[in-house]
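Comments concern the structure below.
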Amino acid sequence: MTAAPALMSFEEALERFDPALGLEVHVELNTASKMFCGCATEFGAPPNTQVCPTCLGLPGAMPVVNGTAVESAIRIGLALNCSIAPWCRFARKNYFYPDMPKNFQTSQYDEPIAFDGWTEVEVDGEVFRIDIERAHMEEDTGKSLHVGTSGRIHGADYSLVDYNRAGIPLIEIVTRPIRGTGDKAPLVAKAYVAHLRELLLGLGVSDVRMEQGSLRCDVNLSLAPSGAGTLGTRTETKNVNSLRSVERAVRYEIGRQAARLVDGERVVQETRHWHEDTGITTAGREKSDAEDYRYFPEPDLVPVAPDEAWVERLRAELPEPLREHRARLQKEWGFSDLEMRDTVGAGALHLVEETIAAGASPAAARKWWLSDLARRANERGVDLADLGVSPTDVARVQQLVDEGKVNDKLARQVFDGVVAGEGTPDEVVASRGLAVVSDEGALSEAVDRAIEGNPDVAAKIRDGKVAAVGALIGAVMKEMRGQADAGRVRELILEKLT
Amino acid sequence: MSDLVRRTAADLADALAAGETTSVELTEAHLDRIAAVDGDVHAFLHVDREGALEQARASDERRAAGRPAGPLDGVPVAVKDVLATKGLPTTCGSKILEGWVPPYDATLVTRLREAGLPILGKTNMDEFAMGSSTEHSAYGPTHNPWDLDRIPGGSGGGSAAAVAAFEAPLAIGTDTGGSIRQPGAVTGTVGVKPTYGGVSRYGLVALANSLDQAGPVTRTVLDAALLHEVIGGHDPLDSTSVDQPVPPVVEAARQGAAGDMKGVRIGVVKELTGEGYQHGVQARFDESVQLLVDAGAEVVEVSCPSFVHALAAYYLILPSEASSNLAKFDAMRYGLRVYPEGVEDPSAEEVMRATRDAGFGDEVKRRIILGTYALSSGYYDAYYGQAQKVRTLIGRDFASAFESADVLVSPTAPTTAFKLGEKLDDPVAMYLNDIATIPANLAGVPGLSVPSGLADEDALPTGFQVLAPALADDRLYRVGAALEAALLDRWGGPLLDKAPALAEKETVR
């Protein structure tokens, strides 16, 4: 790998250049079967067990379009305010790669199912309109595993290919260049992907698990001199697969490209690799000898011609738009504007919503996700959704707190265990022995000892200075190693002293 | 040679029904015939004696139990090696698929099995169905039973020769630009290309997906109709298959054989006669038209001016689709794998390159290069795009011709069988042999070739082509059977009776 390139500070770069963003998001649909055959799509199945002649590209096998995938594509298009093509075709994108069974990908080219849409995202109270160029259907490739120290194809000892993923339906959503974001470019990019995730979850068309690859993001970025109103040469950073990384990748590319441009170098039009660990991008394929995919209409498939009545029915059945949805939730939950904005900004809206649905109060759900859990996600450099804690877990922990079975401090230890993969909250409570002591006798003895050991504090309380009770509670909790219900301890102390 | 092998499939079906023979007996008779003559003819790439006999025994058991699976239950069939057959090698005549045994059956093969037809084996073909002579098979050419020094047509020369040499009563072919009909013409047999989508393509290793169509290869029109009924019909696994019942082809063949052509308008295609057609071919064609007139048909001349561009359009569309279809042969998952010489630790790409270099023959490489070029950015509109426009025009020519005629007719191929090797070095001369058959594939309409006699100058078979509108395959059978009946009258027996007897080798079992 070459030496790290020069970077310009983000602030300086934004003074001298206007960034333009473009985002290409691949969404794996959650259909029960693949795009062109009846194979199952379950994630994590043993390699090459969900395959058939069609998705393995065996000679003679033919594709048949998955109707549910078309329906999902149309619904996504409608939710993004796109026009739906009354007639469109699949095309073959021809290129050789070992994880492509047919050495062509059945995709859509110049006739996407959905096109010319828009959506809006909010960053720090400012609304940005994102124009959608197209949303088209295609099939996923197989998955190559390069075995060796490098982890990439170069330098691998050998490679394995799992075709379970080959043929899983994908929708590729492509924005038009997003301009005028200024220094908010990284946040707009992140907010757009978070927004898409919420929208897709609301539609129920995908699991949108970025860590499992069911939502994958390619980030295009270019810089133009401030105020020039032009578009510069762009790079395409592939597979930026977390919200956090989207933000970081944009920020990094702005600094890198700016440094090159002020040094009088040109930005090379190329695909770049994103390195999650180091937070940098490195050069991949150069695109100057523009790859020729020799697209032509897929002759094994008939055109897709969704009838108007069907499209209108799907439109009528769409869930409420995200903005209205959020407004309604905010009202229901009694969140302030700021609280709501923080929740959305953290990519936690859906998590909070599900936590509430699982029984927690809105305040508790927000508290856990936006403070303790957000801190953990940040420390680990992962998205909240990928932390390994589910909304059900959070609701259960809160329920344990409400029932007095754990206190806040113990609750945090329960989350330690859940994040560490030790099981459900109840399992962690059991295995770590985290339940608060509800043995009144033991508690009562501890309170007596605390009173004996702190006669001056006890005297103050007897004199009516109830505020001093905190010191005694602290002593009791210390003795009980935190495993006591602080409320009950307070009651006991006051019973004994007043 | 057992007399059984000379009988038609319809006769054999009757004999089975009457209990005069058994499927095992007649399957064995054909296997013996194959063993006796195929050393010279080389119609088969793979013979499945055990499998065929097992299916024959099962057929006999069904019949004994009074539950035959259909009219052809027990009548054996040969299948072109371009169709996937579970457990039977499928090479498409190419080295690159040597040793590949499909884990699944083509839908058409499933239908043959379900109808009880024992599969004798897989027939020879030009590599990936590219050719008009079967000389492009990587496993050596098939020889025409009429003259072993001549080509049996192509790409389905194996299926046609197998039927002509009495090695099989029935065979399956595939026709992308004439690969069923032209071999039929030059071997004195019957071949039918059904309407595009009439027979499932699932499991047919695609040459050009928008042109390919599988169909029957037989010795009589009625046999073709019987086989057509077995293999035709909608298949949910093939999106391009027609979701309609198979036209009443058997009924039409029987009706035609009765000889009444009154009210049928026969359109002679001006562009498919005259210059470029061998004298004897043209003479037999003209006589055949007269026989149909004698039977009551009305003859009109029709013009299809766009047909002159058909060959050019075909040789852009076909290679374009083929270049993409053949990309899957990359040594990664099945078939041949060749490691490049002198390269240590070759990359996947290097293995792909070496395998494709070694595994594909020259004609295949020629068409991959043509197709890759035609689809390239900057050339797409000029080549693939223009060719599609020609295709539309040819469709319109057909539509307007079918306004004044119920069927169109022409010679099937412009010449009789040429000598092996004669056109190998001249691809365009080879391509020209399909000049009369290609328009039907471009428009998706059905076509049939029926023997029309022997050319005076070389005493070799000539073919008469009938074309009908899409989904009106029954018209082919009505007209084809009428002409066949009239010609049989004139000849006093089947044309193949005039073919020289093949030397039979001692059968060693």
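The values are calculated or read from the model by the stated rules, or taken from the named source; none is laboratory data. Small disclaimer: the values here were computed from a predicted structure and weren't measured. Cβ: placed from backbone, ideal geometry, glycine included. Neighbour counts: every protein chain shown.
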If you go through B:Arg366, B:Arg391, the only one that is under 20 Å from B:Ser155 (Cβ atoms) and in contact (Cβ under 8 Å) with a residue 40 or more places away in the chain is B:Arg366
Residues that are surrounded by 14 or more Cβ atoms within 10 Å (Cβ to Cβ) and touching a His at 6+ places or on another chain (Cβ under 9 Å): which strands (runs of 3 or more DSSP E) entirely in region A:211-291 hold 2 or more of them?
A:215-225, A:235-238, A:280-286
Tell me, which helices (runs of 4 or more DSSP H) wholly within region A:299-404 include 1 or more residues that are buried (at least 20 other Cβ atoms within 10 Å of the Cβ) and among the acidic types (Asp, Glu)?
A:349-357, A:391-402
Just the residues that are within 11 Å of another protein chain (Cβ to nearest Cβ) and in contact (Cβ under 8 Å) with a residue 60 or more places away in the chain, please, taken from region B:82-101.
B:Val82, B:Leu83, B:Ala84, B:Thr90, B:Cys92, B:Ser94, B:Ile96, B:Leu97, B:Trp100
Among helices (runs of 4 or more DSSP H) completely within region B:382-480, the ones holding 3 or more residues that are modelled with pLDDT of 95 or more and of a type outside the set (Val, Ile, Thr) are B:386-404, B:438-443
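This table checks each residue for (1) touching a helix residue (DSSP H, G or I) at 6+ places or on another chain (Cβ under 6 Å); (2) over 30 Å from B:Ala472 (Cβ atoms); (3) surrounded by 15 or more Cβ atoms within 10 Å (Cβ to Cβ); (4) not hydrophobic (A, V, I, L, M, F, W, C).
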| position | (1), (2), (3), (4) |
| --- | --- |
| B:Tyr373 | no, yes, yes, yes |
| B:Ala387 | yes, no, yes, no |
| B:Arg396 | no, no, no, yes |
| B:Ala429 | no, yes, no, no |
| B:Leu432 | no, no, yes, no |
| B:Thr437 | yes, no, yes, yes |
Is it the case that region B:312-330 has a residue that's more than 14 Å from chain A (Cβ to nearest Cβ), crowded, with 18+ Cβ neighbours inside 10 Å and among the aliphatic types (A, V, I, L, M)?
yes
I'm trying to understand the selection: among the residues of region B:214-244, which are within 13 Å of chain A (Cβ to nearest Cβ) and in contact with a strand residue (DSSP E or B) (Cβ under 6 Å, 6 or more places away or on another chain)?
B:Ala214
Quick check, is B:Val364 among the β-branched types (Val, Ile, Thr) and out of contact with any Phe, Trp or Tyr (no Cβ under 9 Å at 6 or more places or on another chain)?
no
State whether the residues of region A:144-167 include one that is crowded, with 21+ Cβ neighbours inside 10 Å, over 23 Å from A:Gly44 (Cα atoms) and touching a residue at least 60 places away in the same chain (Cβ under 8 Å).
no
How many of the residues making up region A:89-111 are part of a loop (DSSP other than H, G, I, E, B), at the interface with chain B (Cβ under 10 Å from one of its Cβ atoms) and basic (Lys, Arg)?
1
State which residue is nearest to the other protein chains (Cβ to nearest Cβ) when the search covers only region B:183-213 and only residues that are part of a loop (DSSP other than H, G, I, E, B) and closer than 21 Å to B:Ala165 by Cα.
B:Thr189
Look at B:Ala78 and say whether it is in contact with a Gly (Cβ under 9 Å, 6 or more places away or on another chain) and within 12 Å of chain A (Cβ to nearest Cβ).
no
Conditions first: (1) hydrophobic (A, V, I, L, M, F, W, C); (2) within 18 Å of B:Ser155 (Cβ to Cβ); (3) over 23 Å from the mean Cα position of the chain (by Cα). B:Ala78 passes all but one, so which condition is the exception?
(3)
Which of the residues that make up region B:333-365 are surrounded by fewer than 22 Cβ atoms within 10 Å (Cβ to Cβ), of a type in the set (A, V, I, L, M) and within 14 Å of chain A (Cβ to nearest Cβ)?
B:Leu336, B:Ala348, B:Val351, B:Ala354
Those residues that are over 16 Å from A:Tyr295 (Cα atoms) and touching a residue at least 60 places away in the same chain (Cβ under 8 Å), I need them from region B:312-333; list them, please.
B:Ala312, B:Ala313, B:Tyr314, B:Tyr315, B:Phe329
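Scan region A:71-88 and tell me whether some residue there is within 14 Å of chain B (Cβ to nearest Cβ) and either surrounded by fewer than 19 Cβ atoms within 10 Å (Cβ to Cβ) or not in a loop (DSSP other than H, G, I, E, B) (or both). Give the steps one after another, and end with the answer.
Filtering region A:71-88 for residues within 14 Å of chain B (Cβ to nearest Cβ) gives none.
Within region A:71-88, none of the residues are within 14 Å of chain B (Cβ to nearest Cβ) and either surrounded by fewer than 19 Cβ atoms within 10 Å (Cβ to Cβ) or not in a loop (DSSP other than H, G, I, E, B) (or both).
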Would you check which residues across region A:433-476 are closer than 29 Å to A:Asp393 by Cα and at pLDDT below 85 and list them?
A:Gly433, A:Leu434, A:Ala435, A:Val436, A:Val437, A:Ser438, A:Asp439, A:Glu440, A:Leu443
Condition first: surrounded by fewer than 23 Cβ atoms within 10 Å (Cβ to Cβ), within 14 Å of another protein chain (Cβ to nearest Cβ) and in contact (Cβ under 8 Å) with a residue 12 or more places away in the chain. Can you find one or more residues in region A:23-34 that meet it?
yes
Of the residues that sit in region A:51-70 and are surrounded by fewer than 21 Cβ atoms within 10 Å (Cβ to Cβ) and either aromatic (Phe, Trp, Tyr) or under 30 Å from A:Thr175 (Cβ atoms) (or both), which one is farthest from the other protein chains (Cβ to nearest Cβ)?
A:Thr68
So how many residues does region A:173-210 have that are in a strand (DSSP E or B) and either not assigned by TED's automatic domain parsing to the domain that holds A:Tyr109 or not polar (S, T, N, Q) (or both)?
3
Go through (1) assigned to a loop (DSSP other than H, G, I, E, B); (2) away from chain A (no Cβ under 14 Å); (3) surrounded by fewer than 24 Cβ atoms within 10 Å (Cβ to Cβ); (4) of a type outside the set (Asp, Glu) for B:Arg111 and report which single condition fails.
(1)
Return the residues of region A:420-450 that are surrounded by fewer than 18 Cβ atoms within 10 Å (Cβ to Cβ) and part of a helix (DSSP H, G or I); say none if nothing qualifies.
A:Asp426, A:Glu427, A:Ala430, A:Ser431, A:Arg432, A:Glu440, A:Gly441, A:Ala442, A:Ser444, A:Glu445, A:Asp448, A:Arg449
Could you tell me which numbered condition A:Asn48 fails, if it satisfies all but one of (1) more than 24 Å from A:Asp300 (Cα to Cα); (2) away from chain B (no Cβ under 13 Å); (3) assigned to a loop (DSSP other than H, G, I, E, B); (4) of a type outside the set (Lys, Arg)?
(2)
